[in-house]
Amino acid sequence: MNVPMLSGCRALLLGAALAASIPLLQGCFPIVAAGIGAGAVMIADRRTSGAYVDDESIELKAFNLMRQHFGALNHINITSYNRNVLLTGEVQNENVREQAQRLVSGIANVRAVINELTIGPASPMSARGNDTLITSNIKTRFLGNGKFAANHIKVVTEANAVFLLGLVTRAEGDEAAEIARTSKGVSKVIKVFEYISEGDARTLDGGNRDTSHTQPEVH
C-alpha cells in the first residue's frame, strides 16, 4: 500500500483548487477517483486529515503484526481512532494479550492502546456476523437521531458488547450510548470517547481540527 502517495492525493482533495487541478492529475486518475469518497469523509470528520490517514496506516500495520505473531486460534480486531488503538476479540492466554498490546504500542504515531481483549476461544463466524448486524443497526439509528452527526462516532461490536469511539461532547456521547444500549442484541456499551467542549466541537466542525490535546476515557 502506497500510504505516502495516497496521503498526498487526499490532501489535494481537501483543497478548493482540486477542480482546476484534475486535468493535470490524469496520470494518477485511479488514485484520485478512489480517494474522492475518502476525501469527502475527512472533510466531515473531526479528526485532522493526518490523523485520519495515520489511523488507516496503524490498523494495517497492527493487522500485519497480529498475523505474523499469532495464529488462527487468536481473534484480534484493531480499531484506530485519532491514533488511539482499541483491541477487541479473544486470545489464548494472558501472555498473548500482553504481547499484542506491546506490539501495537510500538507502532509509529500510536498515542494509546485500549486493551479489551478477552481470554478464551476465538468466536465463531456466526457470532461475528451477529456483531456486524448489531453495528449496522446502531449506525442506522444514529442517522435517524438528529442530535449528533453519525459520522462523528465509530461503532465496534464484539460478542454483543458495543464500543463507541469518537471526538464528542458529553451530551453527544451520552445520547449515542443510550441509542446503543437500547438497540437489539446489545449486552453492554463501553464508551471510549475523547471528550471535547461544545465550543471545541463547533471549532472542529468548522474545519480547525487540532485534537492533539485530547485523551480517551473508557467507561
**Message:** Can you list residues from other chains, or at least 5 along the same chain, whose modelled amide H is less than 5 Å from the amide H of Val162?
**Reply:** Ser187, Lys188, Val189, Ile190
**Fill in**
The long-range amide H neighbours of Ile114, using H built 1.01 Å from N in the peptide plane and a cut-off of under 5 Å, are Val85, Leu86, Leu87
**Item:** Karplus-derived HN-Hα couplings along region 83-94 (A = 6.51, B = -1.76, C = 1.60, θ = phi - 60°), whole Hz, x at Gly and Pro
**Value:** 6, 9, 10, 9, 9, 10, x, 10, 10, 5, 7, 5
**Asked** Can you work out the base-10 log of I(q)/I(0) for region 103-150 at q = 0.13, 0.17, 0.22, 0.30 1/Å, using the Debye formula on its C-alpha atoms alone?
**Response** -0.60, -0.85, -0.87, -0.99
**Item:** Neighbour cut-off at most 15 other Cβ (10 Å), DSSP loop, trypsin sites (Lys or Arg not before Pro), region 90-199
**Value:** Lys147, Lys184
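Every read-out reported here was derived from the displayed coordinates using simple, explicitly stated rules and does not represent laboratory data. The structure displayed is predicted, hence computed values, not measured ones. A quick note on method: Cβ atoms are made from the backbone with ideal geometry, for glycine too, and the neighbour counts reach across all protein chains shown.
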